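What follows is a short report on a single structure.
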Ligand SMILES: CC(C)(COP(=O)(O)OP(=O)(O)OC[C@H]1O[C@@H](n2cnc3c(N)ncnc32)[C@H](O)[C@@H]1OP(=O)(O)O)[C@@H](O)C(=O)NCCC(=O)NCCS
């Protein structure tokens with residue numbers, strides 16, 4: 001889906017390509033787990049490990065894509081620079097009409113409202129042309145920035161769970177949140193997002 005573009009006041013989001021992967025790897029840091037389900041290679045140095053993760057994650061999302069189970073990875077760009085990745089996921093989307101999301105930004109670009117802009121962009125895609133009814137998300141209870149983005153965009157509490165920690169042995173609390181179409185539309189948050197190039201992507205979502 002090379003033509004899809006999501007524009008916010010400062011950012012452009014577009015589907016990740018293989019050529020983007022070195023720049024994507026460069027945005028990763030120790031606190032930005034690209035995908036907790038990826039294998040870890042403890043003998044690799046940090047930068048090689050990030051590059052492997054960026055490539056495996058990309059190929060997984062492309063190789064496993066189906067209308068019943070998809071993950072759209074968009075690079076978040078500020079001018080010419082790739083500053084992070086914003087993902088949107090759908091499992092059994094045609095029935096559940098629910099999307100999940102995940103994101104990370106390079107450390108030096110956080111805390112300036114761009115995390116909110118990137119999330120708002122994919123929510124506009126989800127509640128707009130994709131026709132979602134719900135957006136869910138999850139974050140560790142101590143991840144104030146991720147929880148802050150969700151709360152600012154109108155997500156409401158949707159329970160907690162105990163999960164194996166990805167920061168060490170033992171378990172920790174994962175907080176779940178949910179945004180309804182009604183709350184999204186009432187918020188007007190989608191108005192500032194411009195979406196183009198979606199029509200040719202529609203069949204890939206089974207729509
Ligand atoms: C999560 C992430 C993408 C958010 O991007 P960001 O640019 O930092 O977020 P923004 O500046 O757009 O917004 C953060 C919101 O959380 C709030 N926030 C941030 N840190 C906070 C803190 N320590 N305490 C309370 N609120 C906090 C901000 O005030 C803001 O909300 P507001 O506009 O209502 O005030 C980014 O921090 C990141 O890459 N983190 C590491 C990876 C990660 O944890 N990803 C999510 C995995 S679930």
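Observations
- Here the translational diffusion coefficient of the stretch 71-190 follows from Stokes-Einstein with Rh set to the Kirkwood radius across Cα pairs; for 37 °C and 0.692 mPa s it amounts to 220 µm²/s.
- Packing-based exposure ordering (other Cβ within 10 Å, fewest first) of 46, 91: 46, 91
- When the chain is treated as a GNM with alpha-carbon contacts under 10 Å, the residue of 15, 36, 67 showing the greatest mean-square fluctuation is 36.
- Beta-bridge orientation, the chain: approximately 95 percent antiparallel, per DSSP, counting only bridges with both partners inside.
- Directionally averaged projected area (convex hull, Cα atoms, the stretch 152-207), nm²: 6.7
- Residue-averaged [θ]222 nm for the chain, counting only DSSP H segments that reach four residues, each worth -39500 (n - 2.57): -8500 deg cm²/dmol
- Most fluctuating residue given options 54, 43, 106, as computed from a GNM of the chain linking Cα atoms under 10 Å: 43
- Were the residues from residue 166 through residue 69 laid out at 0.36 nm apart, the gain over their Cα-Cα distance would be 32.5 nm.
- Antiparallel bridge percentage (DSSP; both residues within the stretch 86-207; nearest 5): 85
- Value of Rg to Rh for the chain (Rh from inverse mean 1/r over Cα pairs, i.e. Kirkwood): 0.94
- Alpha-carbon centroids, the stretch 16-80 and the stretch 94-113: separation in whole Å: 14
- Note on the chain: with a GNM built from Cα contacts shorter than 10 Å, the maximum mean-square fluctuation among 42, 87, 138 falls on 42.
- By average C-beta atoms within 10 angstrom, highest first, the peptides 70-83, 141-154: 70-83, 141-154
Every number here is computed from the coordinates shown, using simple stated rules; none is lab data. Here the structure is a predicted model, which means the values were calculated and not measured. Because the Cβ atoms are built from the backbone with ideal geometry, glycine has one as well, and the counts that use them run over all protein chains shown.
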